[in-house]
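This is the structure I want to talk about, given as structure tokens.
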Amino acid sequence: MQVIMSADIPRSWRPAAFPTDVAAVRRLEEWIPSETYNLNGMERDFRGADLSGGDFSNCWFTDAVLVDVRLVGASFYRADLRSADLTRADLTGADLVKANLDEAILRSAVLDGADMVGASLSDVDARGASFRGTRPIGAELLDTDMRGSDLSDAVVEENYFEIKVDDTTVLRGLRGTVFGPVTVVGDGSSREVGGAELEAWIRARGGQVQVIPPRRPAVGAP
């Protein structure tokens, strides 16, 4: 039986709205009918676009400007979004499995219901973002600023969860297991909270999370 690769299937998808930037439009128009290469959107300005439902698996958006762009239900499986500016972008229901979002800006972005299994979000500015019902299972959140973010009903499992939070971070319904600690910011100071204290801190805000010890390397491992 012949296996048909996704790259062999012509794309019928078209953006609901193209970006205002001519260079970005040209890059999309060249890529959409192609069956041989992944989109290179590095450093392009996609403002004004509605790319909802697009399949951007394995594509490059490093340093791209995606401010206010609609990306509802889009797939960014294994995509490179390092240092991309996704301020106020709508990623509701997006596939971000194994996506690289290191150093990206997600301020006030909406990621409700997004699948973020195995994603990397190190040094991300996600202040005021909405992660309601997301699945960042196994994702790495290291030095991720989530002050004012909404993590209601999100599911975590063995996540590196070294995030920054404050009293405006919503944790109601957050459940699963994490490696701590988190940094709690407030009143002009900050402190690290981990272990049983972190469990109690999250529980007081309506979440139910177990803090587990960090993985230790196998005996004899370098």
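Quote the relative contact order of segment 88-128 in percent (integer), defining contacts as alpha-carbon pairs under 8 Å separated by 6+ residues.
48
Also, quick follow-up: Using r as the Cβ-Cβ distance of residue 210 and residue 47, and R0 as 30 Å, what FRET efficiency do you calculate, to the nearest 0.05? Spell out each step's value before the answer.
Details: r = 41 Å, r/R0 = 1.38.
Efficiency for this residue pair is about 0.15.
Hey, another quick one. Going highest first, how would you order 137-148, 119-130 by mean Cβ packing within 10 Å?
Listed from highest to lowest mean packing, they are 119-130, 137-148.
If you take Rg and Dmax of the Cα atoms in Å from the coordinates, which of (i) 18.7, 64; (ii) 18.7, 71; (iii) 18.4, 56 do you get?
Computed from the coordinates, Rg and Dmax of the Cα atoms in Å corresponds to (i).
Between residue 31 and residue 175, what is 0.36 nm times their sequence separation minus the Cα-Cα distance? Round to one decimal in nm.
Residue separation times 0.36 nm, minus the Cα-Cα distance, leaves 47.8 nm.
Run the simple label-point estimate for residue 157 and residue 197 please: 7 Å along Cα→C-beta, distance reported in nm.
Each label point is offset 7 Å from its Cα along the Cβ direction, giving 3.0 nm.
Points 7 angstrom from Cα along the Cβ direction at residue 143 and residue 190: gap in nanometres?
1.0
Give me a comma-separated list of calculated 3J(HN,Hα) values for segment 175-184, in order, Karplus coefficients 6.51, -1.76, 1.60 applied at θ = phi - 60°, integers in Hz, x for any Gly or Pro.
So the Karplus estimates, Gly and Pro as x, are 8, x, 10, 9, 9, x, x, 9, 9, 9 Hz.
Now a separate question. Of 165, 67, 22, which is the most mobile in a GNM of the chain whose springs link Cα atoms less than 10 angstrom apart?
22
Further, regarding this structure: Relative to the longest principal axis of the C-alpha atoms of the chain, give the angle of the C-alpha long axis of helix 22-31, reported between 0 and 90° and rounded to the nearest 10°.
Compared with the principal axis, the helix lies near 80 degrees.
Still on this model: What size of dipole, in debye to the nearest 20, comes out for the chain about its Cα centre when the only charges are +1 on Lys and Arg C-beta atoms and -1 on Asp and Glu C-beta atoms?
Charge dipole of the chain: 380 debye, to the nearest 20.
Taking a ≥ b ≥ c as the square roots of the eigenvalues of the Cα gyration tensor of segment 177-216, is the shape rounded (a/c under 1.5), prolate (a/b larger than b/c) or oblate?
Here segment 177-216 falls in the oblate category.
Moving on. Suppose R0 equals 41 Å; then what is the FRET efficiency for residue 38 and residue 167 from their Cβ-Cβ distance, rounded to the nearest 0.05?
Computed FRET efficiency for residue 38 and residue 167 comes out at 0.45.
Any read-out appearing in this document is the output of simple, stated calculations on the displayed coordinates, not a laboratory observation. This structure is a prediction, so every number in the text was calculated from the model and none was measured. Note: ideal-geometry Cβ built from the backbone for every residue, glycine included; neighbour counts use all protein chains shown.
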